[in-house]
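Derivation of every value follows stated rules applied to the coordinates shown; laboratory data play no part. From a predicted model like this one, the values you see are computed outputs, not experimental measurements. Positions of Cβ are generated from backbone atoms using ideal geometry, with glycine treated the same way; all protein chains shown enter the neighbour counts.
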Amino acid sequence: MGTRMLPIVSQAVSPAALASKPEPTGFFTDTTICIGCKACEVACKEWNQLPARGDGGAHLEMSGQSYDNTLELSGDSWRHVKFIEQFPEPYEGRWLMMSDVCKHCVQAPCLEVCPTGAIIRTEFDTVVIQSDTCNGCRDCIGACPFGVIGINHVSNTAQKCTLCYDRTSVGLEPACSKACPTDSIQFGPISELRVRAEARAVQLREQGETRAYLYGADPNGPLGGLNSFYLLVDEPEVYGLPRDPKLPSRNLAKGSLLSSIAAFGMAVAGALTLRGRRMKEVAEASTPEHVS
Amino acid sequence: MQTNLPSTFFTAPPEFGWIIILYFFIGGIGGGSLLLAGLLRLFGIPADRPYIRLASFLAVVCAGISAVLLIADLSSPLRFWHMVIQDHTLLPMFKWWSAMSDGVWILLAFSLFAGTATIDALQDIEWPPMRTLRSLLRVVRFISRPPFATISAIGGIVSGLSLAGYTGVLLAETNRPIWSDSSWLGIVFLMSALSTSMAAVMLLSHWRRVHETSTLEWLTRFDLVAMVLELVAIVCFVISLGNAAQALYNVWGVALVLGVMVVGIVVPLVLQRRSNHGIVLPASLVLAGGLLLRAVVLLGSERIHVVGTQVVR
């Protein structure tokens, strides 16, 4: 698992600022108490003035395969309540609900690859795309291991959850967790949320839900831990989450080295064969028949 | 949802479509052409000059088209300059650990050296036709003299090879299926760029009725090496995909084997060995194969995405 973090220009902060830096904040989402009401989705859209899916709301698109019509996170939908419908038999099955959002990774792949410096880490340890800097190159979309980022069709820039930076910076709770009627989405300092999440997982296991575990809560885990982590009761893939998310830079050194060796080899081969040809021409030109 | 899928299958496609495919193809031809021009300038013979001219012109045209394609592909094209200048501080924007940032600076360096190579090549011929422009060109004639000519040729070789190879590394530095599941994509694109650029230069020379036997023989041999290595690199690339190779168990996989490997590489290799087939057919097949290779790699990955709770392939 790649836990190495490359330097980030926009992360440079002074020692004084570091001393007064607020504690990292994020979300703990307990999927076992999500009721799929989508209040978080609506609150997010309302607060952040996001357009409806598809053609901007002129026509409401239905998925036709589920009660879930949002279907995916995108530049226009920063919260998405997934409906995982597990019905192997007509009268036997369960629904898993999960309110998905940007994970605000401690080692953020999107921030790593962004070529314009539009993606920054805030004082709350969250990851924000500056819409006035982003030019829509879409490198971050392919780099995100969770498929979180998309192009917003109003701003024509890459966008995703800001963890309501405009609210948290003035001491308010993000719109989604504020609207959640069951406290499935909980907001707060990461250290407190981890303690609360671990206690909840233990409680569920004691009550017989032995599959309960935390996804992304381990600071020594993938991407240095996620500042938005989850309590799940099935395999990560069932929730559409990668089992082993990685930093995109894992391929940079090896790929560059292999290409550089091949490039050097071809340049040297070209130079040597051309030089050989020139020497041959000179030798032919200096033979007696040519001299005469 | 299947639980045995590679983690890269749970990401979103960045919508790299035909504009990027064309950029990878044309940028590769440009990069390879500038490598050829640089090698011939440094180690060639006087009879190579017409080929140097063709390769240099091709490189500078590819540089221009590449820049237009890249800007057109941005969702906010007017902000293209944010790639090179930080919009808040107006300081240079460069992140060596971002392949896309590297690529922008590589394209800039490539354009500079393609420009100097073209200026050098223009000294040979009566072009541009206007006397005023020709006298302007004379002002920068120093580029054709040592040590500037050597610097220009070496810069062309380095920036050309970098442009030809970085695109594969750019795709590898994502979390997308196929692209990031292997480190071999850089070599695959590099070798393809070299073979397609040589095919393009040979086609241009045929069209312009430039025929210098020794240069053409060298180009054909060098092209043969690039194509064999490209074939080996593609095989290594597919093997290195491991479980992620299932992303190519479809029409794109068939296109890779039949279109790229057989029609785009093996058939031209056989045709080149039988010299009576001329230049046009094998070179055209190599170019078509190079374009198809990029389409297979990009579109083969782009179609994989999660909708609801299903991975769509």
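General remarks:
- Share, in percent, of DSSP beta bridges within the protein assembly as shown that are antiparallel, nearest 5: 85
- Per-residue mean of C-beta atoms belonging to partner chains within 10 Å, peptide B:155-166: 3
- Shielding score for A:272-278, defined as the mean number of other chain Cβ atoms within 10 Å: 5
- Span-rule helices in chain B, defined as complete DSSP H runs reaching 27 Å or more along the axis (Cα) with Kyte mean at least 0.5: B:18-43, B:49-73, B:99-122, B:148-172, B:185-207, B:213-240, B:280-302
- If R0 is 25 Å, the Cβ-Cβ spacing of B:GLU217 and A:ALA283 corresponds to a FRET efficiency of close to 0.90.
- Placing +1 on the Cβ of every Lys and Arg and -1 on the Cβ of every Asp and Glu, with nothing else charged, gives chain B a dipole about its Cα centre of roughly 640 debye.
- Most to least packed among A:182-194, B:242-254, B:37-49 [average Cβ atoms within 10 Å]: B:37-49, A:182-194, B:242-254
- Value of relative contact order over chain A, rounded to a whole percent, pairs C-alpha under 8 Å and six or more apart: 24
- In terms of Cα atoms, the Rg and Dmax of chain B work out to 20.6, 71 Å.
- Cα centroid separation - the stretch B:61-99 against the stretch B:146-171, whole Å: 19
- Label point distance in nm, B:VAL307-A:ASN220, each placed 7 Å from Cα along Cα→Cβ: 4.2
- Separation of the A:GLN49 and A:ASP244 label points, Cα + 7 Å toward Cβ, nm: 4.5
- Largest-first principal axis extents, alpha carbons of the stretch A:190-292, Å: 103, 26, 15
- Debye intensity ratio in log₁₀ form over the Cα atoms of the stretch A:37-180, taken at each q of 0.12, 0.13 Å⁻¹: -0.52, -0.60
- About the Cα centre, charge dipole magnitude for chain A (Lys/Arg +1, Asp/Glu -1 at Cβ), debye: 940
- All C-alpha to C-alpha distances of the protein assembly as shown, sorted into 10 Å bins beginning at zero, yield P(r) values of 3, 16, 24, 22, 15, 10, 6, 3, 1, 0, 0 percent in whole numbers.
- Cα centroid separation - the stretch A:127-165 against the stretch A:196-237, whole Å: 27
- Per-residue Karplus couplings for the stretch B:4-17, computed as 6.51 cos²θ - 1.76 cosθ + 1.60 with θ equal to phi - 60°, are listed in order as 9, 7, x, 4, 5, 6, 9, 9, 9, x, x, 6, 7, x Hz, Gly and Pro entered as x.
- Treating r as the C-beta distance of B:SER240 and A:ASP166 and R0 as 45 Å, the FRET efficiency rounds to 0.50.
- Cysteines, chain A, no other Cys beta-carbon under 4.7 Å: A:CYS34, A:CYS37, A:CYS44, A:CYS105, A:CYS114, A:CYS134, A:CYS137, A:CYS144, A:CYS164, A:CYS180
- Annotation: extensible slack from A:SER63 through A:ILE35 equals 8.1 nm (criterion: 0.36 nm per residue apart, minus Cα-Cα distance).
- Packing-based order for A:137-147, A:155-165, using average beta carbon neighbours within 10 Å, highest first: A:137-147, A:155-165
- For the residues of B:185-191, the average number of beta carbons from a partner chain within 10 Å of their own beta carbon is 5.
- Here the peptides B:56-69, A:232-245, A:198-211 are ranked by packing, the mean other Cβ count within 10 Å, and the order with the highest first is B:56-69, A:232-245, A:198-211.
- Label-point gap, in nm, between A:PHE264 and A:VAL42 - each point 7 angstrom along Cα→Cβ: 6.3
- Links that overshoot a 24 Å alpha carbon limit, given the list A:LYS103/A:LYS254; A:LYS38/A:LYS160; A:LYS45/A:LYS103; A:LYS38/A:LYS246; A:LYS160/A:LYS246; A:LYS21/A:LYS45: A:LYS103/A:LYS254; A:LYS38/A:LYS246; A:LYS21/A:LYS45
- Ratio of the Cα radius of gyration of chain A to 2.2 N^0.38 Å, where N counts its residues: 1.37
- 222 nm mean residue ellipticity, helices alone, for chain A (DSSP H n ≥ 4; -39,500 (n - 2.57); rounded to 500): -9000 deg cm²/dmol
- Here the contact order of chain B, divided by its residue count and restricted to Cα pairs under 8 Å and six or more residues apart, works out to 26 percent.
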